[in-house]
Amino acid sequence: MGIRVTDISKSYKNVKALKGITFDVKEGELFGLIGPDGAGKTTLFRILTTLLFSDEGEATVAGYDVVLDYKDIRQSVGYMPGKFSLYQDLTVEENLNFFATIFGTTIEENYDLIKDIYIQIEPFKKRRAGQLSGGMKQKLALSCALIHKPKVLFLDEPTTGVDPVSRKEFWEMLKRLQKKGITILVSTPYMDEAALCDRIALIQDGGILEIDTPESIVHKFPKALYNIGANNMYQLIRSLNNYEHLYSVYPFGEFVHYADKRPAFNIADLAQYLDAQGLKSFSIEPTKPTIEDTFMELAKK
Amino acid sequence: MKENNVIEAEELTKEFGAFTAVNAISFEVKKGEIFGFLGANGAGKTTAMKMLIGISKPSSGKAKVAGFDVYAQAESIKKNIGYMSQKFALYDDLTVKENITFFGGIYGLSRARIKEKTKHLIMELGLDGIADQLVGSLPLGWKQKLSFSVSLLHEPKIVFLDEPTGGVDPITRRQFWEMIYKSANQGTTIFVTTHYMDEAEYCDRVSIMVDGRIEALDTPKKLKAQFNVDNMNDVFLKLARG
């Protein structure tokens with residue numbers, strides 16, 4: 001009864017935006033679509049919210065077919081598009097009232113659901129939406145998407161361009177909404193947010209690379225991984241890229257993540273090589289792969 | 001201005017009416033340094049950056065960028081810095097080559113120099129097959145890499161990057177940072193804002209703005225030690241949440 005997507009494809013002129021993708025979201029699940037710009041996330045959202053027809057395939061949302069039952073879907077889903085789409089010249093309160101009225105309800109009737117979120121912007125309820133800060137706009141958009149008590153909530157990159165503090169608060173809000181029984185499909189380009197979902201689909205170039213829980217996805221990384229640090233990051237990456245046994249090297253925070261081709265990798269060998277390359281005060285320590293490591297590994301194929 | 005400094009700001013302030021967007025910030029950025037300029041949305045980063053690139057006049061305080069004064073020599077600053085942002089990068093309805101030619105012209109490069117730069121750039125970025133395609137048809141990651149290269153066409157001493165990697169896939173994001181390392185290694189100063197905290201760790205030093213003030217400024221390593229946490233995300237959360 002959550003979301004069911006079967007073999008959905010969609011093309012624009014000569015671009016294949018979605019290439020036959022299939023997945024299910026269980027009722028009450030917090031499901032993440034993780035992928036960069038241009039992966040096809042927004043196209044999928046538009047198909048599932050009945051704003052766009054797919055070329056091929058079928059999909060149901062809350063048990064309704066996206067083509068045949070589009071009116072029922074519109075009544076039972078909330079959608080927060082990536083681009084701020086509320087009325088800029090209506091006030092905070094007017095926007096919320098407008099969306100409540102459109103859906104035949106009132107702010108009072110469902111106030112419980114939005115209270116946590118709305119209370120933070122209520123002091124500014126007479127301010128025009130266009131004059132709100134990014135974080136406040138985001139909270140208002142979420143309130144408007146929730147005001148008719150939807151069964152399924154679609155959030156298209158709600159945290160893009162948002163600072164880490166507000167991102168964290170936003171995800172805490174999502175967790176609370178999930179507890180109230182709402183199914184949530186959320187997309188994000190931030191891999192660290194993926195760990196907060198029940199299950200995730202990694203998506204790139206219109207195809208799904210993998211679907212699983214965040215913990216299981218991480219286990220799909222095929223190699224042992226090492227944190228390597230050195231005095232000069234640029235030289236370190238260059239040296240490792242020229243190393244004959246290199247499998248992959250990517251910067252990760254203050255270290256690079258290095259994987260070796262050989263099954264029996266010898267740290268001392270590499271240390272000797274780095275020393276010969278003139279690198280100083282370097283360190284090589286085993287580390288655990290992250291979702292981002294796995295994503296890059298799968299995306300390479 | 002000290003010889004090795006590319007930016008010097010002292011008590012730099014911007015007020016909008018009763019609201020102080022940037023509150024007396026002071027810092028220096030050295031030649032060839034990768035300097036991360038962090039802060040929550042609304043902390044004052046954009047306003048501060050606008051003053052440094054010569055498009056917004058400070059209310060008070062002093063600042064010099066690439067040797068020029070932000071009050072008296074704003075035009076010289078514009079000519080001597082590179083700038084790229086996520087929002088404004090290249091013209092979608094010009095081709096790759098046309099964009100390079102256009103920006104080369106804007107920065108006052110000679111025709112011969114533009115020709116040479118175009119050839120070099122297209123080769124280095126591996127864009128040979130698509131040099132005559134409209135930029136609008138390129139994937140975001142390619143656009144951002146091209147845009148960065150274009151911001152360096154006139155070989156500025158310093159380049160300002162405003163959230164250059166937002167929404168870019170993780171592999172391209174790292175290729176982008178390798179380009180940053182390379183230019184820094186060649187002596188270009190990099191001034192960068194980002195919301196990716198792992199990228200904050202790639203910087204030589206970072207400053208974190210909270211409510212118009214710089215509340216922390218040091219190497220990522222020292223900041224992590226100072227706040228007793230093991231990543232920059234936690235440094236940021238501790239500072240910005242107060």
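The values are calculated or read from the model by the stated rules, or taken from the named source; none is laboratory data. This one's a predicted model, so the numbers in the text were calculated from it and none came from an experiment. No Cβ is skipped: glycine too gets one built from the backbone with ideal geometry, and neighbour counts run over all protein chains shown. Accessible surface is based on the protein model in full, side chains and every heavy atom, while ligands, DNA and RNA are left aside. Shrake-Rupley method; radii C 1.70, N 1.55, O 1.52, S 1.80 Å.
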Open item on the list: Taking the Kirkwood radius as the inverse of the mean 1/r across Cα pairs, report the Rg/Rh of segment A:225-300.
Closed with: 0.93
- [ ] Between the chain alone and the structure with every protein chain in place, find the residues of segment A:215-236 that drop at least 50 Å² of accessible area; heavy atoms, 1.4 Å probe.
- [x] A:Tyr234
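Chains B and A: what accessible area do they bury, summed, in square angstrom to the nearest 100, with a 1.4 Å probe?
For chain B against chain A, roughly 2600 Å² becomes buried.
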Open item on the list: Probe of 1.4 angstrom, ligands and nucleic acids ignored: what's the accessible area per residue over segment B:83-242, in square angstrom?
Closed with: 44
Task: 0 to 90° range, to nearest 10: angle between helix B:170-185 axis and chain B longest Cα axis - done: 80
Open item on the list: Could you tell me the relative contact order of segment A:27-179? Use alpha-carbon pairs under 8 Å, at least six residues apart, and round to a whole percent.
Closed with: 29
Task: From phi via Karplus (6.51, -1.76, 1.60), per-residue ³J(HN,Hα) for segment A:169-182 in Hz, x at Gly/Pro - done: 4, 4, 5, 5, 5, 4, 4, 5, 5, 4, 4, 8, x, 8
Task: Equivalent ellipsoid semi-axes, segment A:3-218, via Cα gyration tensor eigenvalues times 5, rooted, Å - done: 28, 19, 16
Task: Cross-link pairs A:Lys126/B:Lys14; B:Lys119/B:Lys143; B:Lys157/B:Lys221 - those with Cα-Cα distance over 24 Å - done: A:Lys126/B:Lys14; B:Lys157/B:Lys221
- [ ] Kindly list the residues of segment A:96-117 that lie in the label zone of A:Leu90, defined by a backbone N under 13 Å from the point 7 Å along the Cα-to-C-beta vector.
- [x] A:96-107
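Can you give the Kirkwood hydrodynamic radius of chain B from its Cα pairs, in Å with one decimal?
Numbers: mean 1/r = 0.0538 Å⁻¹.
For chain B, the Kirkwood estimate is 18.6 Å.
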TODO: Give the Cα extents of segment A:1-107 along the principal axes, in whole Å, largest first.
DONE: 41, 29, 25
TODO: Order these peptides, A:211-221, B:160-170, by their mean beta-carbon neighbour count within 10 angstrom, highest first.
DONE: B:160-170, A:211-221
Task: Using a Förster distance of 22 Å, the FRET efficiency for A:Gln75-A:Asp24 (Cβ separation, nearest 0.05) - done: 0.50
Task: DSSP bridge orientation in chain A - percent antiparallel, rounded to nearest 5 - done: 65
TODO: Calculate how many DSSP beta bridges within the protein assembly as shown are antiparallel, expressed in % of all such bridges and rounded to the nearest 5.
DONE: 60
Open item on the list: Please compute the contact order of segment B:1-99 in relative form: average sequence separation of alpha-carbon pairs under 8 Å and at least six residues apart, divided by the residue count, as a percent.
Closed with: 26
Open item on the list: If I build a Gaussian network model for chain A, linking alpha-carbon pairs within less than 10 angstrom, which residue out of A:Asn95, A:Asn241, A:Asn14 has the largest mean-square fluctuation?
Closed with: A:Asn14
Task: Long-range Cα-Cα pairs in segment A:106-167 (distance over 19 Å), rounded percent - done: 32
Open item on the list: Counting only other chains, and only Cβ atoms inside 10 Å, what mean value do you get across the residues of A:246-254?
Closed with: 5
Task: Per-peptide average of other Cβ atoms within 10 Å, ordering B:191-203, A:47-59 highest first - done: B:191-203, A:47-59
Task: Rg [Å, one decimal], Dmax [Å, integer] - segment B:68-160, C-alpha atoms - done: 13.5, 45
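Using a 1.4 Å probe on the protein heavy atoms, what percent of the accessible area of segment A:146-301 belongs to carbon and sulfur? Walk me through the numbers on the way to the answer.
Working: 3180 of 6410 Å².
Result for segment A:146-301: 50 percent of the exposed heavy-atom area is carbon or sulfur.
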Task: Other protein chain Cβ atoms within 10 Å, averaged over every residue that makes up A:37-50 - done: 1
Task: Shielding by partners - mean other protein chain Cβ count within 10 Å, residues of B:159-169 - done: 3
- [ ] Two decimals is fine: what's Rg over Rh for the protein assembly as shown, C-alpha atoms, Kirkwood radius as Rh?
- [x] 0.97
- [ ] Using Cα pairs closer than 8 Å and at least 6 residues apart in sequence, work out the relative contact order for chain A, in percent.
- [x] 20
- [ ] Whenever you get a sec, line up A:Met1, A:Met173, A:Met233 from highest to lowest accessible area (probe 1.4 Å, protein heavy atoms).
- [x] A:Met1, A:Met233, A:Met173
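Considering only the other residues whose Cβ falls under 12 Å of the Cβ of A:Gly57, what net charge follows from Lys and Arg at +1 and Asp and Glu at -1? Kindly include the intermediate steps, with their values, before the conclusion.
On the way: positive: A:Arg4, A:Lys10, A:Lys19; negative: A:Asp7, A:Asp55, A:Glu56, A:Glu58, A:Asp65.
Combined, the nearby Lys, Arg, Asp and Glu give -2.
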Open item on the list: For q values of 0.16, 0.22, 0.23 Å⁻¹, compute log₁₀ I(q)/I(0) with the Debye formula on a Cα-only model of segment A:62-176, without solvent.
Closed with: -0.73, -1.33, -1.43
TODO: Apply the Kirkwood formula to segment B:124-207: the hydrodynamic radius equals the inverse of the mean of 1/r over all pairs of different alpha-carbon atoms; give it in Å with one decimal.
DONE: 13.6
